Amino acid sequence: MGRAYSNISDILPRRAKINDLSLPYRSGWLYILVTATILTALLCAVAVLGREPFVVPSIGPTIFIIVAFPLSEQAHPRNILLATATTIVAGIIALALFGLIGVSPDLNDLSWTRSAALVVAVALGIGGIITLRALHVPAVATAMIIAAGLLQEPVDWLSAFIGVLVVTVAGVAINRACGKPQALWWRPQPPGE
């Protein structure tokens, strides 16, 4: 009989217990609240000044993971950026496959075509994350956002990535400046049990 898996990161090779999101908070609640607020305000300021959609809903959980679980493999900058890039591409591929690039979304009256694009975007995104061993769950929402047509222009897709890049760099810098242990890029996982 095969081994039972408790979560998706169990099927990824080279996972260590220290990188499990189920571990207790590594940061105190006040630090999490203040730092997440600062990162969100920074991202909003960049979006207002740049007049681009740098703020997408999937970035909220990314901010939380970076400041609350800095030792998690999901907080490694490599995983955040690779997973986000992968899911953006997955969303674009899904749009292209179903002829939906430039088609306005209508999520109140979801079509079978848009539904198929959403399913394909999620499947491609998760497949890419697993293949690259770049676990960062919030990125899957980015695939859905793009496949849903909520970000329609190539500049919007790039802006979503830049938004994630901004909070990742700033979050890691703040964590390290405050003495929080966090990988600057990637802490390769030792072999599992």
Of all residues in the stretch 165-189 being modelled with pLDDT under 90 and surrounded by fewer than 12 Cβ atoms within 10 Å (Cβ to Cβ), the one that is farthest from VAL67 (Cα to Cα):
PRO188
Regarding ALA85, is this residue free of Cβ contacts under 8 Å to residues at least 60 places away in the same chain, assigned to a helix (DSSP H, G or I) and among the small types (Gly, Ala, Ser)?
no
Filter the stretch 83-132 for residues that are in contact with a helix residue (DSSP H, G or I) (Cβ under 8 Å, 6 or more places away or on another chain) and of a type in the set (D, E, K, R); the one that is surrounded by the most Cβ atoms within 10 Å (Cβ to Cβ) is ARG114
Expected single match for among the β-branched types (Val, Ile, Thr), in contact with a Phe, Trp or Tyr (Cβ under 9 Å, 6 or more places away or on another chain), surrounded by 13 or more Cβ atoms within 10 Å (Cβ to Cβ) and more than 18 Å from SER72 (Cα to Cα) among ILE145, ILE162 is ILE162
Only one of (1) surrounded by 12 or more Cβ atoms within 10 Å (Cβ to Cβ); (2) more than 25 Å from ALA147 (Cβ to Cβ); (3) at pLDDT 85 or above is not met by VAL48, so which one is it?
(1)
I need the full set of residues from the stretch 67-77 which are part of a helix (DSSP H, G or I) and either over 27 Å from LEU118 (Cβ atoms) or among the hydrophobic types (A, V, I, L, M, F, W, C) (or both), in order please.
VAL67, ALA68, ALA75, PRO77
The number of residues in the stretch 34-80 that are within 13 Å of the chain's Cα centre (by Cα), under 22 Å from LEU184 (Cα atoms) and of a type in the set (Val, Ile, Thr) is 6
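Would you check if LEU97 is over 20 Å from VAL172 (Cβ atoms) and at pLDDT 95 or above? Quick ask: steps written out before the conclusion?
On the way: over 20 Å from VAL172 (Cβ atoms): yes; at pLDDT 95 or above: yes.
Yes: the conditions hold for LEU97.
The values are calculated or read from the model by the stated rules, or taken from the named source; none is laboratory data. Every value quoted in this text rests on a predicted model; they were computed, and no experiment measured them. So basically every Cβ, Gly included, is an ideal-geometry build from the backbone, and we count neighbours across all protein chains shown.
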